[in-house]
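Shown next, in structure tokens, is the structure this report addresses.
Every number here is computed from the coordinates shown, using simple stated rules; none is lab data. Predicted model, so just to flag it, every value in this text is computed and none were measured. Here the Cβ is made from the backbone with ideal geometry for all residues, glycine too, and neighbour counts use every protein chain on show.
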Amino acid sequence: MVTAVPSLRDTIADDLRTQITVGHLKAGARLPSEPHLAAEYKVSTPTLRNALALLQAEGLIEKIHGKGNFVRRPIRRLTYTGGHLTPDANLHVTIRTTNVRARDDLIHLLKVPSRAPLTEFLCLAHQGEFPHSLAHIYVPQDLAPAGLPRCRPEWAESRETVTARLPAPEEASTLRISSTLPVLAITRVLSNTAGRVVEATLLILPSDRADALFITQRATNEKGQEE
């Protein structure tokens, strides 16, 4: 029987993981610089970075551009169900409003002409100083009341598509996650009674901090029998 020998990358990751687990490296602590760690473990910088990438994918550390690598604080998991995330007082949301023109997929989602005027709400949820989830909300400008996104246009139908994929580069950068960490990409389209699309939301939830819950109830007839 042949026993696999751990690679240098795995050995380094195991050692740092243990230090984080037992508390030698505490939440929020900055790791030594990459050149320092590479010298300490007697490996090349690329090998050291591969080990750190494993821990980033596990959500144990995060790399902040220009500052270094930090031990992540415990991440709160939220549940997404029926168009809503479970409320959490520990999260706060920043909202940026921009006027944009319909392009590419937005033309199809909102069923509007190319370059039709839209209002975009970029909503970034934070847990402390760390990004938690990202949402782009698009509404035709003639339907965008002042209270959006908290006060939505009247709608009669919600249609959602959930996809598991790797984050786009700008998503990974905004959420400060590894490009190898899968995300739940949820597209939610709201339509009114006339069939007009009144809102489209593109929600990105990193898989290390969110679950999607779907509840289905069986239909019964007047005699209580399943249909």
Margin query: Bin width 10 Å, origin at 0, all Cα-Cα pairs of the chain: what percent of pairs per bin?
Written below: 7, 26, 27, 19, 13, 7, 1, 0
Note to self: Once R0 is set to 35 Å, what does the formula 1/(1 + (r/R0)^6) return for the Cβ-Cβ distance between residue 170 and residue 192, expressed as a FRET efficiency to the nearest 0.05?
What the structure shows: 0.65
Next item on the list: For the range 113-213, just list the percent of Cα-Cα distances falling in each 10 Å bin from zero outward, please.
Entry: 14, 42, 32, 12, 0
Next item on the list: Counting only DSSP beta bridges with both residues in the chain, tell me the antiparallel percent, nearest 5.
Entry: 95
Margin query: Just to be sure I understand the model, the point goes 7 Å from the Cα along the line to the Cβ. What's the resulting residue 216 to residue 120 distance in nm?
Written below: 3.6
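Show me the helices of the chain, taken as full DSSP H stretches, that run 15 Å or more along their long axis by Cα and average -1.0 or above in Kyte-Doolittle hydropathy.
On the way: long enough: 8-22 (21 Å, -0.17); 45-57 (18 Å, 0.47).
Taking the DSSP H segments of the chain (at least 15 Å long, mean hydropathy at least -1.0), we get 8-22, 45-57.
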Margin query: I want to verify the translational diffusion coefficient of the range 1-119 in µm²/s; compute it with Stokes-Einstein, Rh as the Kirkwood radius over Cα pairs, at 25 °C and 0.890 mPa s.
Written below: 134
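What are the equivalent ellipsoid semi-axes of the range 10-77, built from the alpha-carbon gyration tensor (square roots of five times its eigenvalues), in whole angstrom, biggest first?
Working: eigenvalues 68, 34, 25 Å².
For the range 10-77, the ellipsoid semi-axes come out as 18, 13, 11 Å.
What list do you get for 139, 112 if you sort them by fewest beta carbons within 10 Å?
Values: 139 23, 112 19.
Result, fewest neighbours first: 112, 139.
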